[in-house]
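> Below you will find the structure I want to go over with you.
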Amino acid sequence: MSAASEETVSGQATASGGTATLDKVTVVGSRIKRAEIEGPTAVTVVTREDIDREGFQSVADMLQSLSQNATTSYTGDLGVTGFSPNAQVVNLRNLGPGYTLVLINGRRPAQYPQPYNRDNNVVNVRAIPSSAVERIEVLSGGASAIYGSDAVAGVVNIVLRENFDGNQLRLTAGTTANGGGDTGGFELLGGRTGDRWSAVWAAQYRATDPVFADQRDFLSDTRKGPLGYDFTNPALSLIMIRGVANANGPVNHNAYYPGQAACDALGFETRTTSARGLYCGSFTQPASRSISNKQEAMSVYGHGTFDITDTTQAWATASYFESESAASSGTEFWGTSGDRFNTTRTGATTAFLWNTSTRDLVQLQRVFSPEELGGPEAAVSKFDEYTYDIAAGVNGVIGDRFNWDAFGSYGYYSYRQDRPRLLAQAVHNYFLGPRLGWASSTGVISATGLYPVHNIDLAKWSAPITPDIYRSFSTRVINEGETSSSNAGFNINGDLFDLPAGALGWAAVAEWNRQTVDLRSDPRTDQLRPIDDQTIYNLTSSGRTVGERDRFAIGTEFRIPIFETLTAQAAARWDQYDDISNVDDAVTYNLGLEWRPVDSLLLRGSYATSFRAPDMQLVYAEGSASFASVLDEYACRSGTGAGAAQGPRTRTQCNVTGDPTIYQAQTLIAGNPELKEEEGESWGAGFVWDITDSMSASIDYYRIKLEDAASQFSNDYLLQSEAACRLGSFSDGSPAPSQAICDSVLTLITRENSPGAPTDQRIQRINSAYINTALTDTSGIDATYRWGYDTDRYGTFTTDLAYTLVLTNEYKQLEGDDLIDYRDRSPYYWTPQRSRVRGSVSWNYGDWTTTVFGTRLGSAYSNAAVDGTNAAGGWYPRRLPPYMLYNLSVQKRFGDNVSAELQVVNVLDNQYRLDNSFTAYPFYQPWIGADPLGRRFYLNLNWRF
């Protein structure tokens, strides 16, 4: 069987749901059917009805609200300039989204082609249409012995509908209270059943308008932040920063002010400050970006079965999702910092140039407003995605005793990002014109001068550009990617034989999986590509990632009734990998106990080992290369290579300008085939108590320990470590890293082997790839409470609460480091809050159902992490108060087939935590909870026919 069987778990059964009387089903965390939802590890089950009742508009939004997410995963629309701005992820226990295994009907879907946070492969839960969802099962804790890699923090299994009779149409319309975000869509669900066959189908369409920052008052103007109008300066939207003090003025002041008329034409305001002198800039340009994407998405789904015999059934499932989205950065930025065409006489890039029209060494910076570009749509990044999944199989029964299922599936995900960027040479030539020679920092022009000389046209510099001008020095950068996941498997489960306390349950599985990835960045963003008229300004690619990984696994599981009240569970699994990494194979196991001293009380405990194979991006990435100045510490301290003429010296002696051991070397962030699997352990213990027939509670302790976690180091640290590994100690006398780390470090640094040549042993390349070094150890408590009360006159009331408290969050990057608990550390180390609560209260009275849902994210550090007062006199505390959101849902049924539902999301319009120490735009820390979209309304009409 798959992770979830064909039978539907009716209602919501959480870890507080107690022992329900059900037909035997398979629930996430075990492949053995059982009559109780509860087992040795906590499982939360959320139905599609729960998602609607609590006011969520998508599966992804609901998953973000889980109490096991002790942080807000800042992905999706708000991350316009991030690495995955059109995706949403699940991040249980805050270990990272790659440590939570996401399954669809128990199978691995194709991963999102664009890596999360540049390096991690994830599943985009935004691509899962809610119309096809029957329920979602969430297991917290290690489960690699059942599912293999990635099941470290937990497993989320999304079960799609397999049984439905009739037709159902759902129409949705919505908007936001503060402007933007208008939404419309429909869902169609249908199903039929024949004598030997059944079919279910679903279709969904949804279109949403964007929301821009200027549609939210606190984001519309930088003067509306904590410093207010009197202490906020305009952005450096049009400035020539003086690089050297001279008779014209101080260093770092604006070297040219174009006059009020020119500033008015640009929509800028004038200000004089001690840091920049007289200049003009914008207070509103940041507000032109979008904070919620424009999106149009559609999906279709179908599932069918055919009874070959009375005991054998064939089945097939297919789904397709496509999305066209757009996110806007609002403005474009250009400056001489990052301009690869602005070079010194020696060929090095520089931010400065000598401007003959002002007779200053200057650095330029210019921000183009949407009006100059051609409107808000001109700076839009477009995302075109589609994904499909096809699965088929046969299941049956052997001797009325064993259930079996053989299946195969294939999933594919395609991604295309089309974003606007400036052409480096064209914009350079437009504002600077031809280079006239070389000059010293004081303006002495000569053949030996260092800085480029230009005569900037000041009128052109300070005048608004037109959309035609913008198009003349801009282009569109295209990044594409595709991933696939092929699966084949055979599952069998049933009762082997009877023991004195009951039947011995057993399950076995054999699986094969192939994952592929092909991520292609626009070749013009390659920093090693010779610069020309197609060179992109200030954008570096992640190179190309092409790879394939095969995995074969076998596993077995037993459910052992020791006594009538005591049951044990044991599972083991072997995974064999075939790729270029050092994983090879992994063996994992888990053990669990369930003790029911009385029918109403379950005491449970579990221990599990887990592992995570390295992300394919971390293994196969070609990487983005560039050149940087490095200190070759081994050459310095050993007196070899570039340091041979000077002999052995100390790092301090070598680390001076002009030393021969400081030179340009190629640096990149690429995949590391030497990575091995990360290994985890998890522990859990707790109880579930059915206090009454309608009231239950649970408390569970968890601990997850992860060793050999992939970690990244700076180029300088790698070179220091290389020297320590070769010479036996660091420059300060501390011992060299472990042999395992030394083996990894030495593979990341490539040196030239040319005996007798001047360049012998010089560094050719430094790959600051990930290596296995780190250790994470986190623990906490999950608690739930559920109560239902049926009155004679006033209807039925239900309460459902879940609470998670993080007790420890320990981490160290290197074996010799101290293990530090970051739970109570300042935000420099640790930003998430320490606790989270989610809950709902529902009232069902006749044809009416009303639900209030709330979530509370615990207190968190302010940006300053101390009590204090900002420059405008605004006080801020060391820790900010909790952040709370509430949703309201009211449903009215009109007979058996028609209903209407009003949903209000974020009823109190609580958009962010006020933090007077966060004085930089956008004035809040998104990782600790924020909802800048604010209050929004949705009306749903449902018709069953």
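Residues are listed down the side, and each one gets a yes or a no for (1) charged (D, E, K, R); (2) modelled with pLDDT under 90:
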{"position": "Ala628", "(1), (2)": "no, yes"}
{"position": "Asp632", "(1), (2)": "yes, no"}
{"position": "Ser638", "(1), (2)": "no, no"}
{"position": "Cys654", "(1), (2)": "no, no"}
{"position": "Thr657", "(1), (2)": "no, yes"}
{"position": "Thr661", "(1), (2)": "no, no"}
{"position": "Gly671", "(1), (2)": "no, yes"}
{"position": "Leu675", "(1), (2)": "no, no"}
{"position": "Ser682", "(1), (2)": "no, no"}
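> Quick test for you: out of Ala503, Ala571, pick the one residue that is in contact with a helix residue (DSSP H, G or I) (Cβ under 6 Å, 6 or more places away or on another chain), outside any loop (DSSP other than H, G, I, E, B) and small (Gly, Ala, Ser).
Ala571
> So, in region 243-275, how many residues would count as being part of a loop (DSSP other than H, G, I, E, B) and at positive phi? Explain how you work it out, then say what you get.
Kept after step one, since they are part of a loop (DSSP other than H, G, I, E, B), are these residues of region 243-275: 243-245, 247-248, 250-253, 255-259, 267-268, 274-275.
Next, only the ones that are at positive phi stay: 252, 259, 267.
Counting residues in region 243-275 that are part of a loop (DSSP other than H, G, I, E, B) and at positive phi gives 3.
> Among the numbered criteria (1) touching a Gly at 6+ places or on another chain (Cβ under 7 Å); (2) over 26 Å from Tyr116 (Cα atoms), which one does Ser521 miss?
(2)
> How many residues does region 868-899 hold that are over 29 Å from the mean Cα position of the chain (by Cα) and closer than 19 Å to Pro926 by Cβ?
Here the count works out to 1.
> Is it true that some residue in region 674-686 is touching a residue at least 40 places away in the same chain (Cβ under 8 Å) and either in a helix (DSSP H, G or I) or of a type in the set (Val, Ile, Thr) (or both)?
From region 674-686, those touching a residue at least 40 places away in the same chain (Cβ under 8 Å) are 674-686; that's our starting set.
Those left that are additionally either in a helix (DSSP H, G or I) or of a type in the set (Val, Ile, Thr) (or both): none.
No; the residues of region 674-686 include none that is touching a residue at least 40 places away in the same chain (Cβ under 8 Å) and either in a helix (DSSP H, G or I) or of a type in the set (Val, Ile, Thr) (or both).
> Another question, if that's okay. For residues in region 187-244 being over 30 Å from Tyr912 (Cα atoms) and among the acidic types (Asp, Glu), which is surrounded by the most Cβ atoms within 10 Å (Cβ to Cβ)?
At the first step, the residues of region 187-244 found to be over 30 Å from Tyr912 (Cα atoms) are 187-205, 238-244.
When the remaining residues are screened for being among the acidic types (Asp, Glu), the result is 187, 195.
Values: Glu187: 21, Asp195: 5.
In this case the residue turns out to be Glu187.
> Of the residues that sit in region 448-478 and are basic (Lys, Arg) and under 40 Å from the mean Cα position of the chain (by Cα), which one is farthest from Pro258 (Cα to Cα)? Don't jump to the end; show me each part of the working.
Taking region 448-478 first, the residues basic (Lys, Arg) are 460, 471, 476.
Those left that are additionally under 40 Å from the mean Cα position of the chain (by Cα): 471, 476.
Working: Arg471: 25, Arg476: 32 Å.
Applying the filter and picking the extreme gives Arg476.
> Right, something else. Just need a number here: residues in region 273-292 that are within 30 Å of the chain's Cα centre (by Cα) and within 20 Å of Ala261 (Cα to Cα).
Let us first name the residues in region 273-292 that are within 30 Å of the chain's Cα centre (by Cα), namely 284-292.
When the remaining residues are screened for being within 20 Å of Ala261 (Cα to Cα), the result is 284-285.
The total comes to 2.
> Restrict the check to region 838-848 and report whether at least one residue is more than 23 Å from the chain's Cα centre (by Cα), over 27 Å from Arg170 (Cα atoms) and of a type in the set (S, T, N, Q). Let's see the steps before the verdict.
Within region 838-848, the first condition is being more than 23 Å from the chain's Cα centre (by Cα), and the residues that meet it are 839-848.
Still in the running and over 27 Å from Arg170 (Cα atoms): none.
Within region 838-848, none of the residues are more than 23 Å from the chain's Cα centre (by Cα), over 27 Å from Arg170 (Cα atoms) and of a type in the set (S, T, N, Q).
> Go through Asp585, Asp579 for me and flag whichever is buried (at least 16 other Cβ atoms within 10 Å of the Cβ) and at pLDDT below 95. Steps first, please.
Numbers: Asp585 fails: buried (at least 16 other Cβ atoms within 10 Å of the Cβ).
So the residue among Asp585, Asp579 that is buried (at least 16 other Cβ atoms within 10 Å of the Cβ) and at pLDDT below 95 is Asp579.
> For region 111-205, which strands (runs of 3 or more DSSP E) that fit wholly inside it have 2 or more residues that are more than 17 Å from Val89 (Cβ to Cβ), β-branched (Val, Ile, Thr) and out of contact with any Asp or Glu (no Cβ under 7 Å at 6 or more places or on another chain)?
166-176
> Only one residue in Pro250, Pro234, Pro258 is touching a residue at least 60 places away in the same chain (Cβ under 8 Å) and not aliphatic (A, V, I, L, M). Which one?
Details: Pro250 fails: touching a residue at least 60 places away in the same chain (Cβ under 8 Å); Pro234 fails: touching a residue at least 60 places away in the same chain (Cβ under 8 Å).
Checking each option against the conditions leaves just Pro258.
> Given the conditions (1) under 24 Å from the mean Cα position of the chain (by Cα); (2) outside any loop (DSSP other than H, G, I, E, B); (3) crowded, with 19+ Cβ neighbours inside 10 Å, and given that Gln833 satisfies all but one, which numbered condition is not satisfied?
Gln833 satisfies every listed condition except (2).
> Which residue out of Thr284, Thr349, Thr343 is more than 30 Å from Glu162 (Cβ to Cβ) and touching a Lys or Arg at 6+ places or on another chain (Cβ under 7 Å)?
Numbers: Thr284 fails: touching a Lys or Arg at 6+ places or on another chain (Cβ under 7 Å); Thr343 fails: touching a Lys or Arg at 6+ places or on another chain (Cβ under 7 Å).
Being more than 30 Å from Glu162 (Cβ to Cβ) and touching a Lys or Arg at 6+ places or on another chain (Cβ under 7 Å) holds for just one of Thr284, Thr349, Thr343, which is Thr349.
> Would you mind telling me which numbered condition in (1) free of Cβ contacts under 8 Å to residues at least 60 places away in the same chain; (2) closer than 26 Å to Ser440 by Cβ; (3) outside any loop (DSSP other than H, G, I, E, B); (4) among the aliphatic types (A, V, I, L, M) Leu278 fails?
(2)
> Here's another thing I want to ask about it. If the requirement is being farther than 20 Å from Leu423 by Cβ and surrounded by fewer than 14 Cβ atoms within 10 Å (Cβ to Cβ), which of these qualifies: Asp468, Asp498, Asp518? Before you say what the answer is, go through the steps one by one.
Working: Asp468 fails: farther than 20 Å from Leu423 by Cβ; Asp518 fails: surrounded by fewer than 14 Cβ atoms within 10 Å (Cβ to Cβ).
Among Asp468, Asp498, Asp518, only Asp498 is farther than 20 Å from Leu423 by Cβ and surrounded by fewer than 14 Cβ atoms within 10 Å (Cβ to Cβ).
> Against the conditions (1) of a type in the set (A, V, I, L, M); (2) under 30 Å from Val427 (Cα atoms); (3) surrounded by fewer than 16 Cβ atoms within 10 Å (Cβ to Cβ), where does Val362 fall short? Just the number, please.
(3)
> Separate question: What strands (runs of 3 or more DSSP E), lying completely within region 281-359, carry at least 1 residues that are touching a Leu at 6+ places or on another chain (Cβ under 9 Å) and within 29 Å of Leu539 (Cα to Cα)?
Numbers: elements: 290-292, 294-307, 312-328, 332-335, 353-355.
Output list reads 290-292, 332-335, 353-355.
> Exactly one of these conditions fails for Asn403: (1) crowded, with 18+ Cβ neighbours inside 10 Å; (2) in contact with a Ser or Thr (Cβ under 8 Å, 6 or more places away or on another chain). Give me its number.
Against the list (1) crowded, with 18+ Cβ neighbours inside 10 Å; (2) in contact with a Ser or Thr (Cβ under 8 Å, 6 or more places away or on another chain), Asn403 comes up short only on (2).
> Hey, can you tell me all the residues within region 707-728 that are under 18 Å from Arg649 (Cα atoms) and either touching a helix residue (DSSP H, G or I) at 6+ places or on another chain (Cβ under 9 Å) or of a type in the set (Phe, Trp, Tyr) (or both)?
To start, the set of residues in region 707-728 that are under 18 Å from Arg649 (Cα atoms) comprises 716, 719-728.
Asp716, Leu719, Gln720, Ser721, Glu722, Ala723, Ala724, Cys725, Arg726, Leu727, listed by residue number.
> Turning to a different aspect of this structure: Among residues belonging to region 844-885 that are among the aromatic types (Phe, Trp, Tyr) and surrounded by fewer than 17 Cβ atoms within 10 Å (Cβ to Cβ), point out the one that is nearest to Phe945 (Cα to Cα). Lay out the reasoning, then the answer.
Step one: of region 844-885, the residues among the aromatic types (Phe, Trp, Tyr) are 845, 848, 853, 861, 875-876, 883.
Remaining after also requiring surrounded by fewer than 17 Cβ atoms within 10 Å (Cβ to Cβ): 845, 848, 875.
Working: Tyr845: 24, Trp848: 21, Trp875: 59 Å.
Checked region 844-885; the qualifying residue nearest to Phe945 (Cα to Cα) is Trp848.
> Scanning for something of a type in the set (Val, Ile, Thr) and free of Cβ contacts under 8 Å to residues at least 60 places away in the same chain, does region 926-938 turn up at least one residue? Talk me through it step by step, then tell me what you get.
Narrowing region 926-938 to residues of a type in the set (Val, Ile, Thr): 928.
Remaining after also requiring free of Cβ contacts under 8 Å to residues at least 60 places away in the same chain: none.
The answer is no; no qualifying residue exists.
> From the list Ser754, Ser729, Ser721, Ser768, pick out the single residue that is without any contact (Cβ under 8 Å) to a residue 40 or more places away in the chain and surrounded by 18 or more Cβ atoms within 10 Å (Cβ to Cβ).
On the way: Ser754 fails: surrounded by 18 or more Cβ atoms within 10 Å (Cβ to Cβ); Ser729 fails: surrounded by 18 or more Cβ atoms within 10 Å (Cβ to Cβ); Ser768 fails: without any contact (Cβ under 8 Å) to a residue 40 or more places away in the chain.
Within the list Ser754, Ser729, Ser721, Ser768, the selection yields Ser721.
The values are calculated or read from the model by the stated rules, or taken from the named source; none is laboratory data. Note that the structure is predicted; figures quoted are calculated from it, not measured. All Cβ positions, even for glycine, are placed from backbone atoms using ideal geometry, and neighbour counts span all protein chains on display.
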